[in-house]
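Each remark here refers to the structure printed beneath this line.
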Amino acid sequence: MDEQPDPAHEPGTGLDRRAELSEFLRTRRARLKPEDVGLPDFGRHRRVPGLRREELAQLAGVSVAYYTRLEQGNGQNVSAEVLDSIARALRLTGAEHAHLMHLAKPKQHKKKPTARAQQVRVALRQLLDSIDGVPAYIVGRRSDILAWNRMAAAVFGDWAELPPQERNWARLVFLNPAYRELFVEWDQKQSDMVSYLRMDAGCHPEDPRLSALVGELSVKSKEFRRLWATHDVKEKSHGVKRLRHPLVGELTLSFETFSMVDDAEQSLVTYHAEPGSPSAEALRLLASWGTDATHAGRSAPRA
């Protein structure tokens with residue numbers, strides 16, 4: 001490989017929170033132009049993309065020196081009110097605002113053993129098995145796929161055929177070529193995946209397994225390196241995905257994400273088709289084929 005992973009992403013270490021805060025603010029500032037925020041643009045030859053630091057400080061109502069210290073990664077003693085003002089000036093989304101708060105004013109978490117496997121409650125596994133005709137799975141930290149039902153295997157592949165460490169959405173999207181054929185809007189899927197992972201990194205920068213995953217993907221995937229450098233963040237909620245299934249053709253499915261009340265690090269994700277649509281009929285066919293749909297259609301190849 002011609003590029004090496006960032007030292008902050010070496011296995012066994014966490015992400016550098018100060019560097020993350022600095023780059024996040026810089027990239028958010030770079031995407032704004034003076035005319036976007038009602039400021040005059042007096043110079044044709046701007047040396048920096050987007051707003052200057054002094055322009056952003058003016059919009060946020062803070063001194064240039066104060067904002068500069070923050071953008072250099074020094075979020076110590078910054079107030080929530082100041083962060084709110086900076087978020088408004090940068091026109092951050094709700095997810096970006098939350099990410100800024102995580103980076104600048106980290107919560108003090110009780111240390112948990114990071115090597116311990118994430119556990120799915122027995123009742124949740126039973127719930128997955130009882131859902132007929134609806135692809136559903138539970139995803140945890142680092143985009144790990146923790147549990148799934150028969151319909152999810154029929155649509156996305158039989159993850160049981162993969163080693164546990166490879167049952168991870170980020171690894172599948174960037175390192176498994178079979179999934180490039182599955183998602184019609186492939187570029188959007190890649191972008192979303194990195195945004196979800198970046199959001200997780202902001203909440204848990206001390207996680208060495210997450211850092212190791214980011215480092216591996218940065219080395220092995222040019223697309224991941226490019227998208228990770230944008231510092232875009234997003235929370236998975238709901239939307240529509242178009243899939244290209246080898247047995248039933250194109251599927252248009254709506255997805256919903258439900259966070260677990262007793263474990264915010266796990267979410268139940270379900271997919272459904274509009275009643276009476278061709279996609280609904282295709283799901284019905286996959287359900288009737290049972291395990292044959294999984295093995296004849298799309299087994300989950302190793303990355």
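Here are some notes:
- Answer from GLU265, GLU256 - the residue that is of a type in the set (Asp, Glu), at pLDDT 95 or above and within 27 Å of GLN119 (Cα to Cα): GLU256
- Taking the stretch 144-196 as the range and being modelled with pLDDT of 95 or more, under 17 Å from ALA117 (Cα atoms) and part of a helix (DSSP H, G or I) as the test, only TRP169 passes.
- So SER237, is it of a type in the set (Ser, Thr, Tyr), touching a helix residue (DSSP H, G or I) at 6+ places or on another chain (Cβ under 6 Å) and under 29 Å from THR93 (Cα atoms): no
- Residue in the stretch 66-95 that is farthest from the chain's Cα centre (by Cα), counting only those that are within 15 Å of THR27 (Cβ to Cβ) and not in a helix (DSSP H, G or I): GLN72
- Of note, LEU175 satisfies the criterion of being surrounded by fewer than 18 Cβ atoms within 10 Å (Cβ to Cβ), touching a residue at least 60 places away in the same chain (Cβ under 8 Å), in contact with a helix residue (DSSP H, G or I) (Cβ under 8 Å, 6 or more places away or on another chain) and not polar (S, T, N, Q).
- Verdict on SER288 being without any contact (Cβ under 8 Å) to a residue 40 or more places away in the chain, surrounded by fewer than 15 Cβ atoms within 10 Å (Cβ to Cβ) and either outside any strand (DSSP E or B) or at negative phi (or both): yes
- Options GLY43, GLY61, GLY73: the member that is at pLDDT 85 or above, loosely packed, with under 15 Cβ neighbours inside 10 Å and outside the structural domain of SER195 (by TED's automatic domain parsing): GLY61
- Scanning the stretch 218-227 for residues that are among the hydrophobic types (A, V, I, L, M, F, W, C) and touching a helix residue (DSSP H, G or I) at 6+ places or on another chain (Cβ under 6 Å) turns up PHE224, LEU227.
- Boolean, ALA98 is assigned by TED's automatic domain parsing to the domain that holds ARG17, part of a helix (DSSP H, G or I) and at pLDDT 90 or above: yes
- Any hit, the stretch 194-206, residues being charged (D, E, K, R), closer than 24 Å to ALA95 by Cβ and surrounded by fewer than 18 Cβ atoms within 10 Å (Cβ to Cβ): yes
The values are calculated or read from the model by the stated rules, or taken from the named source; none is laboratory data. Computed from a predicted structure; not experimentally measured. Note that each Cβ is placed from the backbone with ideal geometry, even for glycine, and that neighbours are counted across all protein chains shown.
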